[in-house]
Amino acid sequence: MNIPSKFDSEASEDKWYSYWIHNDYFHSEPDHRTPYTIVIPPPNVTGILHMGHMLNNTIQDVLIRRARMKGLNACWVPGTDHASIATEAKVVQRLKEQGIEKSDLTREAFLGHAWSWTHEHGGIILEQLKKLGCSCDWKRTKFTMDPDLSESVIRVFISLYEKGKIYRGHRMVNWDPEAQTTLSDEEVIYEERQGNLYYLQYTVVNSNEKITIATTRPETILGDTAVAVHPKDERFNHLHGKKVIVPIVGREIPIITDPYVDIEFGTGCLKITPAHDENDKAIGEKHGLEIIDIFNANATLNSFGLHYEGKDRFVVRKEITKELSEKGYLVKKEPHLHKVGTSERTKAVIEPRLSDQWFLKMKELAQPALEAVLDSDEIQLFPKKFNNTYRHWMENIRDWNISRQLWWGHQIPAYYYGDGNNDFVVAASAEEALQKAIEKTKNASLQLSDLRQDPDTLDTWFSSWLWPISVFDGIRFPDNEEINYYYPTNDLVTGPDIIFFWVARMIISGYEFRDEKPFSNVYLTGLVRDKQGRKMSKQLGNSPDALGLIKEFGADGVRVGLLLSAAAGNDLLFDESLCQQGKNFSNKIWNATRLIQGWEVSEDAHQPLYSKQGLEWYEAKFQSTLVEIEDHFSKYRISDALMAIYKLVWDDFCSWLLEIVKPPYGSPIDRISYQKAVYYLEQNLKLLHPFMPFLTEEIWQFLEQRTPDKALIVSQWPEMKKFDKTLLKNFETSVSLVANIRSIRKEKNVSFKEALSLVCLGDSYAIPNLEIVQKLGNIDTVTFVNEKPSKAVSFRVDAFEFFIPMTVGDVTEELEKIQEELKYAKGFLTSVQKKLSNERFVSGAPEKVVAVEKQKEADALAKIATLEASLESLKS
RNA sequence: GGGCGAUUAGCUCAGUUGGUUUAGAGCACUUGGUUUACACCCAAGGGGUCGGGGGUUCGAAUCCCUCAUCGCCCACCA
């Protein structure tokens, strides 16, 4: 069969992807083999593929394909996450566009809309992953709101509640006024913003004295219930126990003393608003202050806002500043840089708000997870520097606010039967809840209709933290075959941005629910940035269209482009030229195949010595590279592994081996060399396959002569064998000779077509791979002499001198070249001798090191002698 | 405010516990190339006082101190 002259990536991608699917190569079932498992970081169900996903999933695919070829039972579980806030926000948005408010809908009706949105957009991203070539076990696709996974979440909630780990608390939480829900601490991003520090005067009751407080949020004075000063701040001693009047509101509030106040900051007087600041709340509790909440859920002011009622907090900030100024309360306003908490999802400014929420106690749960990473090394993070980040978070872990005021998600299985703080039970169903409620209250007359389920849902991460367990149904059936076989999984590939959200919590849940780690290694990728180092974002429009790239450069090209410069944990500055490089590489491999395929094989032809030498060398080269590659993989240095293969294929295989083996024009190739060339091409394809699955499968299937494996995807990864290192060393000498000859051709303008002679000084020097040198240098005769030829250009390899006879008009150039070499050699010798003449080096350094230095000295001396002799003969 | 990590060729990065050439790779660059796989190519080249300063050592890109710049994470200073 003839191979087409161009590689058609698009056609190949569709063809081989369907072929793999059709043959069920991605599917895994427990068997006698050792499992190798990866669970995908589930993307948002309605999300679309971006560069981060591409990088992340390419790495996973490389790992899983390689594992598959190594004979492991490779299982990559795909799936999606319901992403409560993000999805609910999108659905609310869409409804708004249709003129429907969420508040107009019943919970059931809203969920109906959310599900249809999910069905409409859900899974698009999984289809996109297929375009990339991801070999996920699609039959195992999971969604965090699948019935089995949902049931697992509810069970876990109940079990933690029963263990006393989950409690309901009235706390200051992070309120997102846009999504109108609370957020966990991790979902709040602090941004530095330019604001103002407002200095406001409060009049002391029954006095003309005024005190000045400083605040960044003048609108919150409406909720002030005290002014605090430091007990040791003598400026305010006379005011202890007095009261002041809050401007505009006219409320009298006490002056209290608390060491929390920083004497140095602002005026040393701090207004206390317990409803809207966590510290103020603490001080308020300590001093028994009144709590006045001035905001509605959407951060407009409520009736405590007086004439500002109904207006947004930021509008009020402006307007109240004006009023305060007009009425003379505002002393001054100065610019002030401070951090503002914003919502990770909606970007809205977070409002600290007091409310009843569900919390998970973390301190004890975190302990085994902390030890697994930092003490026992049961779980390793790559790169290791993230251990510190991990430690810091785990050691300072705070209780996790797991309730969200959303409808899209897992509804909290708590059922209220009364209005008291404790009038609820936690149960898997309403019926069960009724039983429990009756037992608890001893009130047999309770009806289902008396129960009211908590309207809140659980934080999305409260379901994804179970992912490695729940996808194998290990929560509901802790002893099932699948969980026992696939768990713990092997590698997790994700971004460092979700190390707390997800990675740490999965480790926690793994130990809590399975008493075992969820995975052994965590590969943390970097962020994909644009060429200028900016984060890729929709607003900047600097995020390339993922599928467009695949179309332009081929999935293989894009994969290679992404991986070439993606060291673990390092951000990747993405540039399309990287994909171009990947595409060029595809082209190179394709053409190498075409070359080999085009050879005519002769059964009679003898194998030339150069082919034999070349193939023997390549065997050694391949093996030494394989060692290197395995080492890179073991350290998760994926890009280094790829680069090693890239050089092996491009330089060693194409530029050297194929040029060596290539038969002269018009001649056929001998059978042995041909078979070996094809064999090594196949070996190369195996190494390449995890990185470039489509191209390699296409070529593999083209080759007539094949190893017994049917498809490359399930072929066997090359075995490591012993190899002869001297072959490599000798070949380097040959390479050096060839390079020198080529260099001389270029300098002297001698065409490659013109054969040259090579003269070697000395009679017994065995030039390694002489036949190869002759072929690649186009050398017709080689002679050994004891006298330097008079008309020739020279070069030196190791300590030996070679000549290429030719009429040299001007010896100046030759002289300069030798002098240059001499200068270098002498400089080198000096540095070596400096070391050797140092008494303390000779006595202090290890013997081996000294011996090496002595050898260097001897070599340099020999080379200098040669060069000087050459100079002499040229000058004479 | 605290912690962590970086700083090596024009760009992106290697450089393993200090010692194999006077520091490497890929890309880019320069020069030459219509040889019968590939110009998405071939060949040959140029390019770095390893951020600055100080120290330890026989020997430092590598260890210590210090300064500078950048990045990330964490933290309740109004």
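The values are calculated or read from the model by the stated rules, or taken from the named source; none is laboratory data. Nothing here was measured: the structure is a model prediction, and the numbers come from that model. Cβ placement follows ideal geometry from the backbone for every residue including glycine, while neighbour counts extend to all protein chains displayed. Only protein heavy atoms, including side chains, enter the accessible area calculation; ligands, DNA and RNA are left aside. Shrake-Rupley method; radii C 1.70, N 1.55, O 1.52, S 1.80 Å.
What does the accessible area of residue A:33 come to, in Å² to the nearest 10, when a probe of 1.4 Å is used?
Solvent-accessible area, nearest 10 Å²: 90 Å².
Stretch residue A:597-residue A:571 to full length: gain in nm at 0.36 nm per residue minus the Cα-Cα span?
Numbers: separation 26, 0.36 × 26 = 9.36 nm, distance 4.08 nm.
The residue A:597-residue A:571 span can extend by a further 5.3 nm.
How large, in percent, is the carbon and sulfur part of the accessible surface of chain A at a probe radius of 1.4 Å? Working shown, then result.
Values: 19690 of 39590 Å².
Carbon and sulfur atoms account for 50 percent of the accessible area of chain A.
Measure nothing fancy, just the Cα-based angle from helix A:671-688's long axis to the longest principal axis of chain A, in degrees from 0 to 90, nearest 10.
It is inclined by approximately 20 degrees.
Nearest 10 degrees, 0 to 90: what angle lies between the long axis of helix A:725-747 and the longest principal axis of chain A (Cα atoms)?
The two axes meet at around 80 degrees.
Where does each of A:536, A:362 land when they are ordered by accessible area, with a 1.4 Å probe and the largest first? It would help to have the intermediate numbers written out before the result.
Values: A:536 40, A:362 0 Å².
The ordering from most to least exposed comes out as A:536, A:362.
May I have the count of lysine pairs in region A:127-251 with C-alpha atoms under 28 Å apart, counting pairs 8 or more residues apart or located on different chains?
Counting lysine pairs in region A:127-251 gives 10.
Holding the Cα-Cα limit at 28 Å, pick out from A:621/A:662; A:102/A:535; A:70/A:612; A:339/A:517 the pairs that are longer than that.
Values: A:621/A:662 18 Å; A:102/A:535 33 Å; A:70/A:612 30 Å; A:339/A:517 37 Å.
Check vs 28 Å cut-off fails for A:102/A:535; A:70/A:612; A:339/A:517.
Which sequence of A:849, A:661 reflects their accessible areas, 1.4 Å probe, from the largest down?
Numbers: A:849 60, A:661 5 Å².
I get A:849, A:661, largest accessible area first.
Apply the Karplus parameterisation 6.51 cos²θ - 1.76 cosθ + 1.60, with θ equal to phi minus 60°, to every residue of region A:822-835 and state each ³J(HN,Hα) to the nearest whole Hz, in sequence, with x for glycine and proline.
5, 4, 4, 4, 5, x, 5, 4, 4, 5, 5, 5, 4, 5
What's the ranking of A:682-690, A:793-801 by average number of surrounding C-beta atoms within 10 Å, highest first? Intermediate results must be reported in sequence, preceding the final value.
Values: A:682-690: 23.0, A:793-801: 18.1.
Ranked by mean Cβ neighbours within 10 Å, highest first: A:682-690, A:793-801.
Would you please give the FRET efficiency between residue A:263 and residue A:375, computed as 1/(1 + (r/R0)^6) with r the Cβ-Cβ distance and R0 = 35 Å, to the nearest 0.05? Kindly include the intermediate steps, with their values, before the conclusion.
Values: r = 43 Å, r/R0 = 1.22.
The value I calculate is 0.25.
Within the set of other residues whose C-beta is less than 15 Å from the C-beta of residue A:280, count the net charge using Lys and Arg as +1 and Asp and Glu as -1. Write down the numbers at each step before the final one.
Numbers: positive: A:171, A:217, A:271, A:281, A:286, A:353; negative: A:219, A:224, A:258, A:262, A:277, A:278, A:285, A:290, A:293, A:351.
Value of the local net charge: -4.
Which whole-number percent gives the relative contact order of region A:355-464, counting Cα pairs below 8 Å spaced six or more residues apart? Write out the running numbers ahead of the final one.
Working: 134 pairs, mean separation 31.0, N = 110.
Over region A:355-464, the number comes to 28 percent.
Defining a contact as two alpha carbons under 8 Å apart and six or more residues distant in sequence, what relative contact order in percent does chain A show? If you can, show how the numbers build up before the last one.
Numbers: 1458 pairs, mean separation 106.3, N = 876.
Contact order relative to length: 12 percent.
If you count the DSSP beta bridges with both ends in region A:708-822, what percent of them are antiparallel, to the nearest 5? Mind dumping the intermediate values first?
Numbers: 8 of 14 bridges.
Percent antiparallel among DSSP bridges in region A:708-822 is about 55.
Rank A:859, A:456, A:61 by accessible area, highest first, at a 1.4 Å probe radius? Each step should come with its number before you reach the end.
Values: A:859 80, A:456 20, A:61 0 Å².
Per-residue accessible area, sorted high to low, gives A:859, A:456, A:61.
Rounded to the nearest 10 Å², what accessible area does residue A:8 show when all protein chains are kept and the probe is 1.4 Å?
Here the accessible area works out near 90 Å².
Calculate for chain A the 222 nm mean residue ellipticity that helices alone would give, adding -39,500 (n - 2.57) per DSSP H run of length 4 or more and normalising by residue count, nearest 500 deg cm²/dmol.
Details: 26 runs with 365 residues, N = 876.
That calculation yields -13500 deg cm²/dmol at 222 nm.
Using alpha-carbon pairs under 8 Å, 6+ residues apart, how would you state the relative contact order of region A:86-242 in percent? Provide the component values of the computation, followed by the final result.
Numbers: 65 pairs, mean separation 14.0, N = 157.
9 percent.
Select from region A:589-630 those GluC sites (Glu not before Pro) which occupy a DSSP coil region and have at most 12 other Cβ atoms within 10 Å, ordered by residue number. Could the numbers behind the result be given before it?
Values: sites: A:600, A:603, A:616, A:619, A:628, A:630; in loops: A:600, A:603.
Answer by residue number: A:600, A:603.
How far apart, in nanometres, would the label points at residue A:334 and residue A:725 be if each is projected 7 angstrom from Cα along the Cα-to-Cβ direction?
Result: 6.9 nm between the two label points.
May I ask you to order A:289-301, A:328-340 by the average number of other C-beta atoms within 10 Å around their residues, highest value first?
Numbers: A:289-301: 18.1, A:328-340: 13.3.
So the peptides A:289-301, A:328-340, ranked by packing, come out A:289-301, A:328-340.
Using only Cα atoms, figure out Rg for region A:371-462 and give it as a multiple of 2.2 N^0.38 Å.
Details: Rg = 20.0 Å, N = 92, 2.2 N^0.38 = 12.3 Å.
Cα-based Rg divided by the globular estimate yields 1.63.
Using a 1.4 Å probe on the protein heavy atoms only, what accessible surface does residue A:115 show? Give it in Å² to the nearest 10.
Probe radius 1.4 Å; accessible area of residue A:115 about 80 Å².
If you take the beta carbon distance between residue A:497 and residue A:787 as r and set R0 to 51 Å, what does 1/(1 + (r/R0)^6) give as a FRET efficiency, to the nearest 0.05? Show your work: numbers first, answer last.
Values: r = 72 Å, r/R0 = 1.41.
In this case the efficiency is close to 0.10.
Between the helical axis of A:147-162 and the dominant principal axis of chain A, each derived from Cα atoms, what acute angle in degrees is found, rounded to the nearest 10?
Between helix and principal axis, roughly 60 degrees.
Which log10 I(q)/I(0) values does region A:617-768 give at q = 0.20 Å⁻¹ under the Debye formula, counting every alpha carbon as one identical point scatterer?
-1.36
Given chain A, what percent of its DSSP beta bridges are antiparallel, to the nearest 5?
On the way: 63 of 92 bridges.
Around 70 percent of the beta bridges assigned by DSSP in chain A are antiparallel ones.
How much accessible area per residue does chain A have, counting only protein heavy atoms and a probe of 1.4 Å, in square angstrom? Each step should come with its number before you reach the end.
Values: 39590 Å² over 876 residues.
Computed with neighbouring chains in place, this is 45 Å² per residue.
Among A:46-56, A:750-760, A:147-157, A:500-510, what's the highest-first ranking by average C-beta atoms within 10 angstrom per residue? Provide the component values of the computation, followed by the final result.
Working: A:46-56: 21.1, A:750-760: 14.7, A:147-157: 19.0, A:500-510: 23.9.
Taking the mean over residues of other Cβ atoms within 10 Å, the ranking is A:500-510, A:46-56, A:147-157, A:750-760.
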